[in-house]
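No lab work stands behind these numbers, since they all come straight from the coordinates. Note that this is a predicted model, so its numbers are computed, not measured. For neighbour counting, all protein chains shown are included, and Cβ atoms are generated from backbone atoms with ideal geometry for every residue, glycine included.
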Amino acid sequence: MARINENVQLVAAMYDSYVQMSRSERVKRLLWYSLAVIILAGISVIVYFGRKSWKQSRRADYMEELLR
């Protein structure tokens, strides 16, 4: 009976270890996904304002051309 209890405790400890690793992997994955989303959002903002600035400069050049 003592041997069975030892085996049960061993399996329980292994399962707890597995659950802990699973949780840490989930947290790591969530952090990586969050980082990727933040980087993509930053790139989108930079591209948006870059295009907006480019269009405004082109518009200014066009208006200057019309005034000549």
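Observations on the model:
- Computed extension gain for VAL19 through LEU31, at 0.36 nm per residue and net of the alpha carbon distance, reaches 2.5 nm.
- Projected label distance in nm at ALA2 and ILE46, using a 7 Å step from Cα toward the beta-carbon: 6.7 nm
- Taking the fewest neighbouring Cβ atoms within 10 Å as the starting point, the ordered list for MET1, MET21 is MET1, MET21.
- Computed 3J(HN,Hα) for the stretch 35-51, one whole-Hz value per residue from the Karplus formula 6.51 cos²θ - 1.76 cosθ + 1.60 where θ = phi - 60°, is 4, 5, 5, 5, 5, 5, 5, x, 4, 4, 5, 4, 5, 4, 6, x, 5, glycine and proline marked x.
- Measuring max minus min along each principal axis, the C-alpha atoms of the chain give extents of 101, 6, 5 Å (largest first).
- Remark: the stretch 5-22, residue by residue, has Karplus-estimated 3J(HN,Hα) of 4, 4, 5, 5, 5, 5, 5, 4, 5, 5, 5, 4, 5, 4, 4, 5, 5, 4 Hz, where x stands for each Gly or Pro and the curve is 6.51 cos²θ - 1.76 cosθ + 1.60 at θ = phi - 60°.
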